[in-house]
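Since every read-out is calculated from the coordinates, none of them should be taken as a lab result. All values reported here derive from a predicted model rather than from experimental measurement. Using ideal geometry, Cβ is built from the backbone for each residue, glycine included, and neighbour counts are taken over all protein chains shown.
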Amino acid sequence: MSFSLYEAVVPSNLQILGAVDGLLDKAEAFCAERGRTATDLIDARLAPDMLPFGYQVKSCAVHSVGGIEGVRAGSFSPDRSAWPTDFAGLHAVLRAAIEELNGIDRDAFDALAENDTQFLFGERSMPFTGANFLLSFSQPNFYFHATTAYAILRAQGVTLGKRDFMGMPRIKR
């Protein structure tokens, strides 16, 4: 089997984006059951110097479909825009990313592997190939933000298990 950048990135992003969307459902139910506001969870943080749950969810989309858009364009800069402040808005961000990932052509995606891609942050610039950017920068960030979103909800008392984080594995059919 030859290496496919598409297979290394897109199916796992779809799996985890679906799982994070499910975390939002559990967070909404938790708020309803406990009489808490959406803001209580969307603004929750693991530590004072970390960004809140809403940012973590938005960043899952940024480091999946946004990373791919960066490779296509030849440069990626962190998205510092505001994140949605309600569950519906967070769902919309994730579902738009899922829809876009579902529409990606595998061959066109695989052709991005050697694209010159710059990570730009202020005066800092880091050169990558498309594959190296996606696999060594964007994908680890994607998992970091998904894990942090999960951990914030757990720390707030939302009942979650490992399967909630993993979503639906891609089993052999």
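Per-structure values
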item: Fraction of beta bridges assigned by DSSP in the chain that are antiparallel (%, nearest 5); result: 75
item: Relative counts (whole %) of C-alpha pair distances in the chain, using bins that are 5 Å wide; result: 1, 9, 18, 20, 19, 14, 10, 6, 3, 1, 0
item: Assigned charges on the beta-carbon of Lys, Arg, Asp, Glu; segment 10-166 dipole about Cα centre (debye); result: 520
item: Long-range tail of P(r) for segment 94-167 (Cα pairs > 18 Å, %); result: 60
item: Distance from segment 145-173 to segment 13-53 (C-alpha centre basis), Å; result: 11
item: Residues Glu114, Glu123, sorted so that the one with the fewest Cβ neighbours within 10 Å comes first; result: Glu123, Glu114
item: Simple label model, 7 Å out from Cα along Cβ direction - Thr129 to Asp43, nm; result: 4.7
item: Dipole-positive endmost among Val62, Leu101, Ala8 within the chain (Cβ charges, Cα centre); result: Ala8
item: Separation in nanometres of the label points that stand 7 Å from Cα toward Cβ, at Phe144 and Glu114; result: 3.0
item: Distance (nanometres) between label positions extended 7 Å along Cα→Cβ at Ser77 and Ala151; result: 2.9
item: Table column - 3J(HN,Hα) (Hz), segment 129-135, Karplus curve with 6.51, -1.76, 1.60, x for Gly and Pro; result: 7, x, 5, 5, 4, 5, 7
item: Average Cα contact separation per residue, the chain, under 8 Å, 6 or more apart, as relative contact order %; result: 35
item: Computed lengthening from Met50 to Glu7, 0.36 nm per intervening residue step minus Cα-Cα distance; result: 12.3 nm
item: Ascending count of other beta-carbon atoms within 10 Å, so fewest first, for His145, His63, His91; result: His91, His145, His63
